[in-house]
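Before any comments, here is the structure.
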Amino acid sequence: MTGSPGTSTLIDESAAIWAARLVLPRAPADADVARELRDQVARDMPEIDRAARSWTALGEDLPPTRGRVVGRLGWVRANLEAVAGAFDPLADRLRGRRRARAARIIGVQLGALLGLLSTKVLGQFVLPLSRPGTGELVVVGPNLLALGDQHGELAADIRRMVLVHEVTHRLQFDANPWLGEHLRGILRDYLDHTRLDPAALIGIAADLPGAVVKVATTGSVTPLLEAVLTEEQQAIVAQAQGLMSLLEGHGNAAMYLGVDELVDDAEAVRRALDGRRADVTTKVLGAIAGLEMKKRQYAEGEVFVRAVVDRAGIAGLNRAFDRPDNLPGPDDISDPEGWIARVGHVA
């Protein structure tokens, strides 16, 4: 991935890394502690991989899942790599100085946002968004260690359940290769409707202050989305909520329902994770970055997944991964019975 704004890319990577470093905590890493975490993840992964495959009934023939422990800046770099080239369609609509300036601005904004998010994320299956192929499972070591320190006796359970969630994401995409391309198609469609003409951008800039005030007072990211997105993009985002709720709810259900032999107290881990999301910093960051929507996806998606599994079994739930038409839409998430009727019941 190049950091030069003179090429077709619309993300200046060097500017992104510079901005990320500005917002990252400067606490030194303990090499011995980091090494122990890497060893623990490597030891845990085979059993976690088996548990996730057993509960989801996905990926029986896939190679073993592997995970990499990274620092916060390593997580930022992994996500910059994942989006490399994804914004090329926008770059092709800009020329000369406009492209170079846009690349630097987007690089700084994306780097700062990723830097802030890197202090919150525990793990992620990082899927490439501009090319076919599998992703990479990464664990953000400093964050996982910090959470373990806060809940000493739960540290091992937290680590294992986070890994089950991320392995489930790996199985979703690698067992169903069409799903990654479907997600990339949503992104391409979204970018095709981006406003780049100066008049539209000036209008967005004028609306932003009021939108930010509404975000801060209501805790909802919707006013910000309405200010910066076209009507077509808002429709695409709304439609994508069904897919994202399925993916996140599936990961959550797997880590709470499929870990009986791996952890001692899954509900205590749930309380630890819920408490972590309740701090003021996370709420503000969530409103700005759209994580409020993500938290809703975890909660509503898990309710949907559990309801479908109760009524139609894992095989019934896995009908969602058969083809794009079977994916739940935003209305399906609150109507699992209707979704089951639509795709066909499996006993």
statement: By residue number, the members of region 256-272 that are open to solvent by 10 Å² or more (accessible area, probe 1.4 Å), of a type in the set (A, V, I, L, M, F, W, C), closer than 18 Å to Leu147 by Cα and not in a loop (DSSP other than H, G, I, E, B) are Ala266, Ala268
query: For region 212-228, does any single residue satisfy the condition of being small (Gly, Ala, Ser), within 25 Å of Pro328 (Cβ to Cβ) and either crowded, with 19+ Cβ neighbours inside 10 Å or at pLDDT 50 or above (or both)?
result: no
- line: Taking region 328-340 and keeping only residues that are among the hydrophobic types (A, V, I, L, M, F, W, C) and modelled with pLDDT under 95, one is left with Ile333
- request: Tell me, please, whether a residue that is modelled with pLDDT of 95 or more, surrounded by fewer than 18 Cβ atoms within 10 Å (Cβ to Cβ) and within 30 Å of Gly313 (Cβ to Cβ) can be found in region 52-59.
  value: yes
- prompt: Any chance region 18-32 includes a residue that's at pLDDT 95 or above, open to solvent by 60 Å² or more (accessible area, probe 1.4 Å) and small (Gly, Ala, Ser)?
  reply: no
- request: State which residue is modelled with the lowest pLDDT when the search covers only region 285-317 and only residues that are open to solvent by 80 Å² or more (accessible area, probe 1.4 Å) and under 19 Å from the mean Cα position of the chain (by Cα).
  value: Ile288
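Residue-wise test of (1) open to solvent by less than 20 Å² (accessible area, probe 1.4 Å); (2) at pLDDT 90 or above; (3) in a helix (DSSP H, G or I); (4) of a type in the set (Lys, Arg).
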| residue | (1), (2), (3), (4) |
| --- | --- |
| Arg101 | no, no, yes, yes |
| Leu110 | no, no, yes, no |
| Gly115 | yes, no, yes, no |
| Ser130 | no, no, no, no |
| Val138 | yes, yes, no, no |
| Pro142 | no, yes, yes, no |
| Asp157 | yes, yes, yes, no |
| Leu171 | yes, yes, yes, no |
| Gly185 | no, no, yes, no |
query: Taking interchain pairs and intrachain pairs at least six residues apart, which have beta carbon atoms under 6 angstrom, with the first residue in region 166-188 and more than 17 Å from Val83 (Cα to Cα) and the second surrounded by fewer than 17 Cβ atoms within 10 Å (Cβ to Cβ)?
result: Asp174/Leu62; Asp174/Thr134
query: Looking at this structure, is Pro209 modelled with pLDDT under 70 and either open to solvent by less than 40 Å² (accessible area, probe 1.4 Å) or not β-branched (Val, Ile, Thr) (or both)?
result: yes
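The values are calculated or read from the model by the stated rules, or taken from the named source; none is laboratory data. Given the structure is predicted, the values throughout are model-derived calculations rather than measurements. In this analysis, Cβ positions are derived from the backbone assuming ideal geometry, glycine residues included, and neighbour counts consider all displayed protein chains. Calculation scope for accessible area: heavy atoms of the full protein, side chains included, ligands and nucleic acids excluded. Shrake-Rupley method; radii C 1.70, N 1.55, O 1.52, S 1.80 Å.
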